[in-house]
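Working notes, structure below.
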There are 2 protein chains.
Amino acid sequence: MAYELYYWPTIQGRGEFVRLALEEAGAAYIDVARKSEGIAVMMRMMEHAEHPPFAPPFLKDGETVIGQTAAILLYLGARHGLAPKDPTGGLWTHQVQLTLSDFVAEAHDAHHPVGVGLYYEDQKQEAFRRAQEFRDDRIPKFLNWFEIILDRDPSDVRHLVGPSLTYVDLSLFQVIEGLSYAFPKATQRALKKVPRVAALHDAVAERPRIRSYLASPRRIPFNQEGIFRHYPELDS
Amino acid sequence: MAYELYYWPTIQGRGEFVRLALEEAGAAYIDVARKSEGIAVMMRMMEHAEHPPFAPPFLKDGETVIGQTAAILLYLGARHGLAPKDPTGGLWTHQVQLTLSDFVAEAHDAHHPVGVGLYYEDQKQEAFRRAQEFRDDRIPKFLNWFEIILDRDPSDVRHLVGPSLTYVDLSLFQVIEGLSYAFPKATQRALKKVPRVAALHDAVAERPRIRSYLASPRRIPFNQEGIFRHYPELDS
C-alpha cells in the first residue's frame with residue numbers, strides 16, 4: 001500500500017525532507033494535499049486521528065499516523081535502508097537530523113522573527129537584524145559542524161554517517177538548496193569554507209532518483225511562502 | 001557505571017528534561033559541568049567526540065555520546081521503562097516530545113526573537129511583540145493539543161501515552177513549570193481551560209522521586225539566564 005504524505009501543497013517546506021527520502025527509496029506515495037479536496041482531508045486527519053499531529057507534515061502508513069519531520073525520517077530510514085541498522089548508528093543519524101531541524105527553524109525565523117502570525121512586511125526591521133546574525137554566525141557554525149562530521153567519519157567522507165547514503169545526506173542537501181535560494185551570497189561564501197559539505201550536496205543532486213525527482217513536476221519550486229525565502233535585503 | 005550528563009551548570013534549560021528522566025528512573029548520574037573544571041571537560045568533549053554534539057545537553061553512557069534532548073530521552077525512555085515498549089507507542093511518545101521541543105524553542109524566542117547573540121535589553125521591543133503572539137495564540141494552541149491527547153488516550157487520562165508514566169509526562173510538567181515562572185498570568189489563565197494538563201502537572205510534582213528531587217539542591221532554581229525567563233512586561 002502506498003504511503004500517504006500530508007503537507008501544504010504549494011511549498012517545499014518541512015515536507016520536502018520526507019519527499020526526498022520517499023523519492024530516494026523509490027517508495028510509492030500519494031502527496032495527499034496536492035490532490036483535489038486534499039487539504040480538507042488533511043485538516044480532518046489532524047482533528048480526528050487517534051494520534052493527532054500538531055502540524056504537517058505527517059505520514060500515514062496503513063493505520064499508523066506519524067507527525068514531526070524527524071520522527072517520520074526515523075521511521076522511513078529504518079524501513080528503506082536509509083539509516084544504519086545498529087541502534088547506536090541509527091540514533092546518531094537521528095541526532096544529526098534533529099540538528100538539521102534546529103538549523104531549518106532558524107532559517108525560517110530569519111524572515112519571521114516576531115511571529116508566525118504576522119506578514120514579513122510587518123517585521124522587516126526585526127528580520128534585518130536577525131538575518132544578520134543568521135548569515136554571519138549561525139550558517140557558518142552549523143555548516144562547520146557538518147564539515148567536521150564528514151571529516152571525522154572514518155568510513156566515507158562522502159556521507160555524513162557510515163559508508164552509504166542515509167536520510168541526513170538528503171536533508172543536508174535540501175538545507176543547502178534552501179539556503180542557496182534564500183541567501184545566495186552568504187551561502188556561496190560559507191560553502192567555500194566547507195568543501196566536503198559542498199561536495200556532498202553536489203553528489204546527492206546527481207543521484208539518479210533525486211535528479212529525476214528534481215526535474216519532475218513533483219518538485220515544487222522554491223517560493224516566498226516556504227521556510228526558505230529570498231528577500232535580497234536579508235542577504236549580503 | 002553512572003551516566004554522565006553534560007549541560008550548562010547554572011540553568012535548568014534543556015538539560016532539565018534529561019535530569020527529570022534520570023531522577024524519575026532512579027538512575028545514577030554525574031552532572032559533569034557542575035563539578036570543578038566541569039565546563040572545560042564539557043567543551044573538550046564537544047570538540048573531540050567521535051560523534052560531536054552540536055550543543056549541550058548531551059549524555060555519555062560508557063562509550064556512547066548522545067546529543068539533542070529528544071534523542072537522549074528516546075534512549076533513556078527505552079532503557080528505564082519511561083516509554084512504551086512497542087515501536088508504534090515509542091515513536092508516538094517521541095513525536096510528542098518533539099512537539100514539546102518546538103514549544104520550548106518558542107518559549108525561548110519570546111524573549112530572544114532577534115538572536116541568541118544579543119542581550120534581552122537589545123531586543124526588548126521585538127520581544128514585546130513576539131511575546132504577545134506567544135501568550136495569546138501559541139500557549140493556548142499547544143496546551144489545547146496536549147489536552148486533546150490526554151482526553152483521547154483510552155488507557156488513562158492521567159498520562160499522555162498509555163497506562164503509565166512516560167518521559168513526556170515529565171517534560172510537559174517541566175514546560176508548565178517554566179511557563180508558570182515566565183508568564184504567570186498568561187499561564188494561569190491558559191491552564192484553566194486545560195484541566196487535564198493541569199492535573200497531570202500536579203500529579204507529576206507529587207511523585208516521590210520528583211518531589212524529592214525538586215526539594216534538593218540538584219534542582220537549580222529558575223533564573224534570568226535560562227530558556228524560561230520572567231520579564232513582567234512580557235506577561236499579561
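The values are calculated or read from the model by the stated rules, or taken from the named source; none is laboratory data. Bear in mind the structure is a predicted one, so any value in this text is a computation, not a measurement. Reconstructed Cβ throughout: ideal geometry from the backbone, glycine too, with neighbour counts over all protein chains shown. Just the protein is used for accessible areas: all its heavy atoms, side chains included, with ligands, DNA and RNA removed. Shrake-Rupley method; radii C 1.70, N 1.55, O 1.52, S 1.80 Å.
The table below lists the values:
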{"quantity": "Efficiency of FRET from Cβ geometry, A:R34 and B:R189, R₀ 35 Å, rounded to 0.05", "calculated": "0.35"}
{"quantity": "Cut-off under 5 Å, modelled amide H: who pairs with A:I30 long-range", "calculated": "A:Y3, A:E4, A:L5"}
{"quantity": "Unit charges on C-beta of K, R, D, E only; dipole of the protein assembly as shown, Debye", "calculated": "60 debye"}
{"quantity": "Under-5 Å amide H pairs with B:T64, H placed in peptide plane, nonlocal only", "calculated": "none"}
{"quantity": "Along principal axes, Cα extents of the protein assembly as shown, largest first, whole Å", "calculated": "58, 54, 47"}
{"quantity": "Threshold 10 Å², the range A:83-99 residues less accessible with all protein chains present than alone (1.4 Å probe)", "calculated": "A:T88, A:L91, A:W92, A:H94, A:Q95, A:L98, A:T99"}
{"quantity": "Accessible area in square angstrom per residue, the protein assembly as shown, 1.4 angstrom probe", "calculated": "42 Å²"}
{"quantity": "Solvent-accessible area of A:V32 with every protein chain in place, 1.4 Å probe, in Å² to the nearest 10", "calculated": "20 Å²"}
{"quantity": "Loop sites in the range B:1-96: GluC sites (Glu not before Pro), DSSP, at most 10 other Cβ within 10 Å", "calculated": "B:E37, B:E63"}
{"quantity": "Positive-end extreme of charge dipole, the range B:87-207 - chosen from B:Q123, B:P154, B:Y167 (charges on Cβ)", "calculated": "B:P154"}
{"quantity": "Karplus 3J(HN,Hα) series, Hz, for the range B:186-195 with 6.51 cos²θ - 1.76 cosθ + 1.60 (x for Gly, Pro)", "calculated": "4, 6, 4, 4, 5, 5, 4, 8, 10, x"}
{"quantity": "Average beta-carbon neighbours from other chains, 10 Å sphere, peptide B:132-141", "calculated": "2"}
{"quantity": "Centroid-to-centroid separation of the range B:163-213 and the range B:58-110 [C-alpha atoms, Å]", "calculated": "18 Å"}
{"quantity": "Per-residue average of Cβ from other chains inside 10 Å of A:144-151", "calculated": "2"}
{"quantity": "Protein heavy-atom accessible area occluded, B/A pair - total, 1.4 Å probe, Å²", "calculated": "3900 Å²"}
{"quantity": "Whole-Hz couplings from phi, Karplus 6.51/-1.76/1.60, listed for the range B:142-153; x for Gly and Pro", "calculated": "5, 4, 5, 4, 5, 4, 4, 4, 4, 6, 7, 5"}
{"quantity": "Label spacing, shortest first and in nm, from A:P87 to its equivalents in the remaining copies (7 angstrom along Cα→Cβ)", "calculated": "1.4"}
{"quantity": "Within 10 Å of each Cβ in B:10-20, the average number of Cβ atoms from other chains", "calculated": "0"}
{"quantity": "Portion, in percent, of the accessible area of the protein assembly as shown that falls on carbon or sulfur, probe 1.4 Å", "calculated": "53 percent"}
{"quantity": "Nonlocal amide H pairs with A:F58, under 5 Å, H built at 1.01 Å", "calculated": "A:Y6"}
{"quantity": "Using θ = phi - 60° and Karplus 6.51 cos²θ - 1.76 cosθ + 1.60, couplings along the range A:118-133 (whole Hz; Gly, Pro as x)", "calculated": "10, 6, 4, 4, 8, 9, 4, 5, 5, 5, 4, 6, 5, 5, 4, 5"}
{"quantity": "At 7 Å out from Cα toward Cβ: B:E37 inter-copy label distances (nm, ascending)", "calculated": "7.0"}
{"quantity": "Local net charge near B:E225, Cβ-Cβ under 15 Å (Lys/Arg +1, Asp/Glu -1)", "calculated": "+1"}
{"quantity": "Calculated label separations, A:R152, copies of the chain, 7 Å along the beta-carbon direction, nm", "calculated": "3.9"}
{"quantity": "Listed residue (A:Q12, A:L191, A:H51) projecting farthest to the positive dipole end of chain A, Cβ model", "calculated": "A:L191"}
{"quantity": "Within the range A:127-221, trypsin sites (Lys or Arg not before Pro) in DSSP loop having at most 10 other beta-carbon neighbours inside 10 Å", "calculated": "A:K192"}
{"quantity": "Estimated distance in nm for a label pair at A:K141 and B:Y120, the labels positioned 7 Å out from Cα along Cα-to-Cβ", "calculated": "1.9 nm"}
{"quantity": "Heavy-atom SASA rank of B:Y75, A:Y120 (probe 1.4 Å, accessible area, largest first)", "calculated": "B:Y75, A:Y120"}
